[in-house]
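Peer 1: I have a structure I would like to understand better, so I am pasting it below and will then ask my questions one at a time.
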Amino acid sequence: MQLMVVGGSDAGISAGLRARELDPTVEVTVLVADRFPNFSICGLPYHVSGDVPDWHQLAHRSLEDLEATGMRLLLDHTAHRIDPAVRQITVTGPRGHKQALGYDRLVVGTGAVPARPPIPGLDLPGVHLLHSMADVFAVQQAIKAGQPRRAVIVGAGTSAWRWPRRSPSRELEVTVVEQAPAAMPTVDPELGEVIGRELAGHGVRLATGVTVRAIHPDNGGLRVVGDPWFDEPADLVLVVVGVRPDSALAAAAGAELGARGAIAVDRQMRTNVPGVWAAGDCVHTHHRLLAEPAYLPLGTTAHKQGRVAGENAVGGEAIFAGSLGTQVVKVFELAVARTGLRDAEAAAAGYDPVTVGSVEFDHKAYYPGARQLHLRITGDRTTGRLLGAQLVGHHHAQVAKRIDIPATALFHDMTVQGLSDLDLSYTPPFGSPWDAVQMAAQTWTRAVRGGRPTQAATNQARP
């Protein structure tokens with residue numbers, strides 16, 4: 001059987017690997033639009049910052065590793081058209097050579113492309129939209145050639161904060177512009193204020209509530225202007241306002257589109273086109289707390305979906321278990337994490353949410369090095385069901401793993417009380433008899449339930 005995979009990033013490679021694992025007789029061909037298969041998009045900023053000196057280290061697996069599994073990788077091959085009637089895909093190779101390749105089964109993993117906001121000047125020299133290895137090389141070349149002193153980053157979402165950690169010159173003045181009223185609009189404003197203080201402590205200027213209107217050339221450099229009253233010179237502008245699904249190839253072949261224009265798939269990652277599966281940042285996602293699919297472009301989700309698509313393309317019946325949007329990002333010395341729904345998201349989904357914040361220590365305060373954690377728990381007022389959690393604290397305080405506690409509870413439809421009841425480890429250097437997450441859950445219970453006694457069998461939320 002000929003299995004064709006379009007896309008050489010997380011979802012596509014995961015699909016090919018799983019297919020070969022289950023059926024070594026399957027001939028897997030992966031079309032990669034560039035020369036960098038299985039590279040970590042999330043790791044790109046850390047190469048620019050110098051934390052990962054060699055860009056080759058960003059590869060999850062080398063080309064040799066991938067080919068050793070029996071997969072054939074066609075680098076610098078761009079897919080232009082899928083003809084599902086005859087099961088062929090038209091591609092252009094590195095020297096412009098066009099050919100039609102046949103397939104029996106097809107997995108589309110075309111990923112996402114940077115969102116282009118309607119801002120005049122995005123195509124000016126010195127303005128960069130960041131998403132690929134080519135984008136990174138262009139930024140590095142600009143830094144090396146021009147030695148920029150002032151940079152403006154447009155957008156303060158999760159992806160933006162990987163970039164201003166540090167510049168190779170160590171002297172880059174960074175201003176971050178965000179339309180929302182606080183840093184990182186993916187978490188509540190109360191936590192955004194904590195992030196803002198961290199940025200200020202490291203010399204990064206944050207301009208919130210600003211809508212960028214244009215980028216102009218200015219005396220050999222650039223000038224970013226916006227409302228209200230924003231006018232900032234720059235030598236380098238990075239635009240990181242999110243991504244959109246790269247779904248045009250599949251749509252032209254008849255694939256239905258869903259949330260945010262992403263490819264619509266069922267939980268077996270099947271499209272409506274016979275013989276075609278899709279996975280990763282190009283598809284919409286089953287969310288475990290929502291009735292309708294959502295668009296959640298995350299590397300963890302792409303790996304899982306790709307594995308499901310690859311298994312089912314060779315005759316399996318795997319089911320994608322769903323996503324909760326669990327994520328974490330490092331902002332200088334802070335780690336910022338969230339999972340599940342925030343208050344407004346939960347209300348829009350028909351829940352009766354209440355969000356309660358608290359500040360706890362990561363371990364017993366008497367043991368040296370205790371650090372404060374800012375937590376916010378969202379639960380349903382009526383049923384007590386846990387709906388979401390947010391967490392900000394020093395990256396040494398195990399924020400990335402602590403957010404996995406409520407993520408696991410959410411996965412199993414637990415209540416806020418059930419989160420408090422979990423049997424977690426304890427020793428003074430690492431925690432408390434009640435972990436910080438559990439103390440935050442108890443704060444929520446006191447605020448919502450008052451002095452009422454605990455109800456029986458509250459660990460599991462009612463469906």
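Taken together, the values in this text are just the output of simple stated rules run on the coordinates, not laboratory data. These numbers come from a predicted model, not from an experiment. No Cβ is skipped: glycine too gets one built from the backbone with ideal geometry, and neighbour counts run over all protein chains shown.
Peer 1: Please identify every one of the trypsin sites (Lys or Arg not before Pro) in segment 7-111 that sits in a loop by DSSP and has no more than 16 other beta carbons within 10 Å of its own beta carbon. Present the calculation step by step, with values, prior to reporting the outcome.
Peer 2: Working: sites: 18, 20, 35, 61, 72, 81, 87, 95, 98, 105; in loops: 35, 61, 87, 95.
In loop regions of segment 7-111 (DSSP not H, G, I, E or B), the sparsely surrounded trypsin sites (Lys or Arg not before Pro) are 35, 61, 95.
Peer 1: Still on this structure, I have one more. So how do 269, 1 line up by other beta-carbon neighbours within 10 Å, fewest first? The partial results should precede the final answer.
Peer 2: Working: 269 32, 1 14.
Placing the least packed residue first, the sequence is 1, 269.
Peer 1: For the chain, what is the mean residue ellipticity at 222 nm derived from helices alone (per DSSP H run of n ≥ 4: -39500 (n - 2.57); sum divided by total residues; nearest 500 deg cm²/dmol)?
Peer 2: Working: 12 runs with 109 residues, N = 463.
Computed ellipticity for the chain at 222 nm equals -6500 deg cm²/dmol.
Peer 1: Taking only C-alpha pairs under 8 Å that are 6+ residues apart, what is the relative contact order of the chain in percent?
Peer 2: It comes to 13 percent, rounded to a whole number.
Peer 1: Shifting gears a bit: How large is Rg/Rh for segment 47-106, to two decimals, with Cα atoms and a Kirkwood Rh?
Peer 2: On the way: Rg = 16.1 Å, Rh = 14.2 Å.
Result: Rg/Rh = 1.13.
Peer 1: Same structure again: Quick one: work out the % antiparallel among DSSP beta bridges in the chain, nearest 5.
Peer 2: Numbers: 59 of 92 bridges.
Bridges in the chain are about 65 percent antiparallel.
Peer 1: Placing unit charges on C-beta atoms (Lys and Arg positive, Asp and Glu negative, everything else neutral), compute the dipole magnitude of segment 127-241 about its Cα centre in debye, rounded to 20.
Peer 2: Numbers: 11 positive and 13 negative charges, 91 e Å.
That gives segment 127-241 a dipole magnitude of about 440 debye.
Peer 1: Starting with the fewest neighbours, write out 67, 173 ranked by other beta-carbon atoms found within 10 Å of each beta-carbon.
Peer 2: Details: 67 14, 173 17.
So the ranking, lowest neighbour count to highest, is 67, 173.
Peer 1: What is the percent of Cα-Cα separations in segment 195-256 that go past 14 Å? List each step's numbers first, then the result.
Peer 2: Details: 1347 of 1891 pairs.
Counting pairs separated by more than 14 Å, the tail of P(r) holds 71 percent.
Peer 1: To one decimal place, what Kirkwood hydrodynamic radius in Å is obtained for the chain from all pairs of distinct Cα atoms?
Peer 2: Working: mean 1/r = 0.0420 Å⁻¹.
About 23.8 Å for the chain.
Peer 1: A further question follows. Can you give the percent of C-alpha pairs in segment 327-449 whose distance is more than 25 Å?
Peer 2: On the way: 1357 of 7503 pairs.
The calculated P(r) of segment 327-449 puts 18 percent of pairs beyond 25 Å.
Peer 1: Please state the Cα pair-distance histogram of segment 127-241 with 10 angstrom bins from zero: what percent is in each bin?
Peer 2: Going from the shortest bin to the longest, the percentages are 14, 48, 33, 5, 0.
Peer 1: Using Cα pairs under 8 angstrom and six or more residues apart, how large is the relative contact order of segment 327-449, in percent?
Peer 2: 28
Peer 1: Ranked by Cβ crowding within 10 angstrom, fewest neighbours first, how are 444, 434, 277 ordered? Spell out each step's value before the answer.
Peer 2: Numbers: 444 27, 434 15, 277 30.
With the sparsest Cβ surroundings first, the list reads 434, 444, 277.
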